[in-house]
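Reviewing the structure listed below.
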Ligand SMILES: [Zn+2]
Ligand SMILES: [Zn+2]
């Protein structure tokens, strides 16, 4: 803890700009700090009485102690705070919170995870039409790549210089002041993120995103021809398929095939070569995740017919895809066991 803030006790609770619907806690802190012409990390230190919290992933989880600090220094209702923390809102895609500290599907935003390519994603139309532009909770989820409101592709870097979106470091020279909307500028070249191109997704990517969004908000729903009473049962299987297509050596040929038949950018093939074997799919770049969204639409529309067909074409049997250390939901396991058992693949 920096000595500057030690012993600083507020006799009143800070009145901040209100938090927006589905806003990330970090986004709310940033907006308020810049409005007060203060570094966001500084505001975080005042609120939590701890300089390190800003560098941790405050959108995802907060300790009981930190929640108490927040509620006692800032005027915010407990229920509004509960609505923003991902750990309180992940039942439909990660219901096993007690088992692990890490929440599946949450994109890393560069906190404690250097060298990883993922970053928060955003919709350029949302932030340019919002009365108060802000970053949403949904934008941190790896199974979404398109805005559910505007049907345009998310972006995860600056359209001009390619830098990832940085919501952690805000620096200014001595005499410069923060501007209220500095958080909408690229941290490297200062381009306005609102001016980024608005890209329409292809049909497959859009359809998968719509279905995923429904599963996320309702807790159940349809994916292609299948109905899932519990969203996470689909998401668990999707993650296995995604790992195979994007990270496993055995899935490389199939990956190239998806790129070819969908006329996707060939640079994804070079990008994929760089991916480490045991990467988590949600830590991959937006472009990579797009490929798996398209693949999901292709195999789920008539599950499991097209899936079995494409696996047979590429000689993929259960052993190429299955790892005994992982769990597989029944809908996927059943197909791996019955249709993709090695002896079934002959002829
Ligand atoms: Zn949008
Ligand atoms: Zn830039």
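Of the residues making up region 318-336, those that are in a loop (DSSP other than H, G, I, E, B) and either at pLDDT 95 or above or not assigned by TED's automatic domain parsing to the domain that holds residue 235 (or both) are 328, 329. The number of residues in region 182-212 being farther than 16 Å from residue 172 by Cα, loosely packed, with under 14 Cβ neighbours inside 10 Å and away from ligand 1 (no atom under 16 Å from the Cβ) comes to 1.
Scan region 296-310 residue by residue and report those that are without any contact (Cβ under 8 Å) to a residue 40 or more places away in the chain and outside any loop (DSSP other than H, G, I, E, B).
Listed by number, the residues that qualify are 305, 306, 307, 308, 309.
Within region 133-164, the set of residues being over 13 Å from the mean Cα position of the chain (by Cα), within 16 Å of ligand 1 (Cβ to nearest atom) and closer than 21 Å to residue 58 by Cα comprises 133, 134. Could you figure out which of (1) within 18 Å of residue 226 (Cα to Cα); (2) at pLDDT 95 or above isn't true of residue 339? With (1) within 18 Å of residue 226 (Cα to Cα); (2) at pLDDT 95 or above applied to residue 339, the lone miss is (2).
The set of residues in region 165-181 that are closer than 24 Å to residue 290 by Cα and either over 20 Å from the mean Cα position of the chain (by Cα) or within 16 Å of ligand 1 (Cβ to nearest atom) (or both) contains only 165. In this entry, residue 239 is excluded by the filter for residues that are assigned to a loop (DSSP other than H, G, I, E, B), touching a residue at least 60 places away in the same chain (Cβ under 8 Å) and within 20 Å of the chain's Cα centre (by Cα). Only one of the numbered conditions (1) surrounded by 13 or more Cβ atoms within 10 Å (Cβ to Cβ); (2) in a helix (DSSP H, G or I) is not met by residue 260, and that is (1). Among the residues of region 263-293, write down those that are in a helix (DSSP H, G or I), over 20 Å from residue 236 (Cβ atoms) and in contact with a helix residue (DSSP H, G or I) (Cβ under 7 Å, 6 or more places away or on another chain). Across region 263-293, the qualifying residues are 268, 269, 271, 272, 287, 290. Taking every residue in region 252-274 that is within 14 Å of residue 289 (Cα to Cα) and pairing it with any residue that is at pLDDT 90 or above and part of a loop (DSSP other than H, G, I, E, B), at least 6 positions away or on another chain, the pairs with Cβ-Cβ distances below 8 Å are 258/264; 259/265; 259/266.
With the structure loaded, tell me whether residue 27 is at pLDDT below 95 and assigned to a helix (DSSP H, G or I) or whether it fails that test. Spell out how you get there, then give the answer.
Details: at pLDDT below 95: no; assigned to a helix (DSSP H, G or I): yes.
So residue 27 does not fit the description; no.
Note on region 57-104: residues that are within 15 Å of the chain's Cα centre (by Cα), part of a helix (DSSP H, G or I) and surrounded by fewer than 18 Cβ atoms within 10 Å (Cβ to Cβ) total 1. With respect to being at pLDDT 95 or above, more than 21 Å from residue 264 (Cα to Cα), within 16 Å of ligand 1 (Cβ to nearest atom) and not in a helix (DSSP H, G or I), residue 227 falls outside the description. Candidates 22, 80: the one that is on the phi > 0 side of the Ramachandran plot and modelled with pLDDT of 90 or more is 22. If a residue must be in contact (Cβ under 8 Å) with a residue 12 or more places away in the chain and either outside any loop (DSSP other than H, G, I, E, B) or within 16 Å of ligand 2 (Cβ to nearest atom) (or both), how many such residues does region 130-167 contain? Adding up the residues that qualify gives 20.
From the residues in region 277-295 that are over 17 Å from residue 102 (Cβ atoms) and free of Cβ contacts under 8 Å to residues at least 60 places away in the same chain, which one is surrounded by the fewest Cβ atoms within 10 Å (Cβ to Cβ)?
Selected residue: 277.
The values are calculated or read from the model by the stated rules, or taken from the named source; none is laboratory data. Computed from a prediction, not measured in an experiment: that's the story for all the values here. A quick note on method: Cβ atoms are made from the backbone with ideal geometry, for glycine too, and the neighbour counts reach across all protein chains shown.
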